[in-house]
Amino acid sequence: MRKSLVGLLAVAMVVVAAVQADDDVPFTDEDLESEESMWKLYERWYGVYHGSSSSDGLADMVSRFEVFKENARYVNEANKKKGMTYKLGLNKFSDMTMEEFTAKYTGGRPGPVAGAKTWTTCTASERPAAANDWCVPSSWDWREHGVVTHVKDQRNCGSCWAFGAVGAVESINAIRTGKLLNLSEQQVLDCSGGGNCSGGYPYTALQYARDTGITTDANYPYTARKQPCTFDPRKMRPIVKISGIYRVPYGDEETLKQAVYFYGPVAGALIEASKDFVHYREGVFRGSCGTSINHEVLVVGYGKIPHGPRYWIVKNSWNTTWGEKGYIRMVRDIDFEEGICGIATYALFPAGIFTSTATAAAY
Ligand SMILES: *[C@@H]1O[C@H](CO)[C@@H](O)[C@H](O)[C@H]1NC(C)=O
Ligand SMILES: *[C@@H]1O[C@H](CO)[C@@H](O)[C@H](O)[C@H]1NC(C)=O
Ligand SMILES: *[C@@H]1O[C@H](CO)[C@@H](O)[C@H](O)[C@H]1NC(C)=O
């Protein structure tokens with residue numbers, strides 16, 4: 001008993017500065033002590049993520065109880081580790097095995113990227129004229145500039161590749177035209193040929209944004225299912241077309257930072273598939289990552305904790321209930337050139353806007 005209290009205090013101290021989100025399901029060692037207490041915790045969690053535990057949900061609950069218990073224990077143990085700069089929590093994925101999770105919620109694939117121009121450093125000739133040589137701020141967050149849309153939810157569909165790419169297009173459009181629009185991931189899913197709900201290629205999605213253009217989400221709403229393409233450029237406006245696609249050189253976190261600052265949010269492929277990533281709650285993530293499954297996200301900025309780690313600010317597409325209101329901060333400038341979870345391996349971003357027919361009258 002004394003031992004678990006000490007453990008509890010240690011956890012309490014680590015998270016003392018944490019702001020508790022509405023959707024958080026806090027728990028202590030005591031909740032994990034017995035089957036009964038564990039079931040009570042499970043009911044509390046179920047109430048938050050599935051509504052009240054009705055009788056028709058009971059069979060479903062019972063069948064997933066073992067998985068939930070395992071995940072709750074995993075989160076609890078991980079949060080007790082010394083020197084953690086981040087915290088895990090129970091979230092909407094906490095009754096799923098990693099196999100179920102990766103089948104349903106990931107789906108980014110790195111290649112092909114042939115044809116993407118490599119953007120090298122801020123001294124490259126393509127850099128915007130306003131950029132100062134080598135001089136990028138030590139922290140930058142595009143959310144503070146009103147050019148990042150709300151956190152979306154890919155739901156039960158491995159369409160992250162479309163969300164990452166569309167997020168980059170939304171932001172460059174907002175940066176260059178002053179209009180922040182919710183653009184259509186569904187159009188990209190249905191029409192780009194880049195993939196389906198089992199995964200796809202962000203580069204193909206960006207090529208589609210360059211060659212055809214993307215309409216608004218209101219015109220072509222998200223359904224989380226791949227359907228026959230119904231995009232009709234004569235009926236669906238406004239359309240945003242990007243002018244080209246750049247790629248950050250493999251394993252170059254410094255250039256990734258400069259690209260984020262000079263151009264805007266960058267779509268990055270992550271190798272995640274780890275329990276730590278899935279159950280991330282808050283803080284600067286430096287957990288382990290898998291090696292096989294890829295997930296596409298959007299790097300919207302970077303920063304540094306005073307006397308602490310540097311980090312990337314990363315927008316995910318798993319709803320605001322995941323992580324820090326839908327975002328994750330991931331450690332930056334690590335010893336592996338690929339970056340945390342491979343964030344600096346296949347980073348792509350739009351070179352600019354070719355046309356944006358968004359006007360107040362058009363939508
Ligand atoms: C996030 O999840 C909640 C609860 O399931 C849902 O009502 C909401 O629409 C989701 N948010 C987005 C952006 O889809
Ligand atoms: C995008 O859609 C969301 C949810 O429908 C809405 O809350 C938000 O205001 C929209 N953003 C823009 C820029 O239109
Ligand atoms: C998704 O695309 C992959 C690769 O083209 C294909 O093998 C798979 O059968 C597709 N899945 C569905 C559900 O259509």
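Bear in mind these aren't lab numbers, they're just calculated from the coordinates by the rules spelled out. Here the structure is a predicted model, which is why all the values come from computation and not from measurement. Ideal geometry is used to build each Cβ from the backbone, glycine not excepted, and the neighbour counts take in all protein chains shown.
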> Using the Cα gyration tensor of segment 105-353, with a ≥ b ≥ c the square roots of its eigenvalues, what is the shape: rounded (a/c below 1.5), prolate (a/b larger than b/c) or oblate (neither)?
Replying inline: oblate
> Dimensions of segment 182-237 along principal axes (Cα, Å, largest first)?
Replying inline: 28, 23, 20
> Can you sort I239, I305 by how many other beta carbons sit within 10 Å, fewest first?
Replying inline: I305, I239
> Given A267, V136, G308, which one lies farthest toward the positive end of the charge dipole of segment 105-353, if we put +1 on the Cβ of every Lys and Arg and -1 on the Cβ of every Asp and Glu?
Replying inline: A267
> From the cross-link list K104/K179; K235/K325; K40/K275; K82/K104; K152/K275, which pairs have alpha carbons spaced over 30 Å apart?
Replying inline: K104/K179; K235/K325; K82/K104
> With charges only on Cβ, +1 for K and R and -1 for D and E, what is the dipole size of segment 105-353 about its Cα centre, in debye, rounded to 20?
Replying inline: 640 debye
> How much net charge surrounds Y250 when only other residues with a Cβ under 12 Å from its Cβ are counted (Lys, Arg +1; Asp, Glu -1)?
Replying inline: -3
> When Lys and Arg each count +1 and Asp and Glu each count -1, what net charge do the other residues less than 15 Å away from A344, Cβ to Cβ, add up to?
Replying inline: -4
> What is the dipole size for segment 29-82, taken about its Cα centre, with +1 at each Lys and Arg Cβ and -1 at each Asp and Glu Cβ, in debye to the nearest 20?
Replying inline: 340 debye
> In what order do S63, S243 fall by count of nearby beta-carbon atoms within 10 Å, going from fewest to most?
Replying inline: S63, S243
>> Restricting to Cα pairs below 8 Å that are 6+ residues apart, what does the relative contact order work out to for segment 105-353? Please round to a whole percent.
In response: 27 percent
>> To make sure I understand, if each residue's beta carbon is the centre and we count other beta carbons within 10 Å, what order do R44, R234 fall in, fewest to most?
In response: R234, R44
>> When a/c reaches 1.5 or more, the comparison of a/b and b/c decides; with that in mind, is segment 29-82 rounded, prolate or oblate per its Cα gyration tensor?
In response: prolate
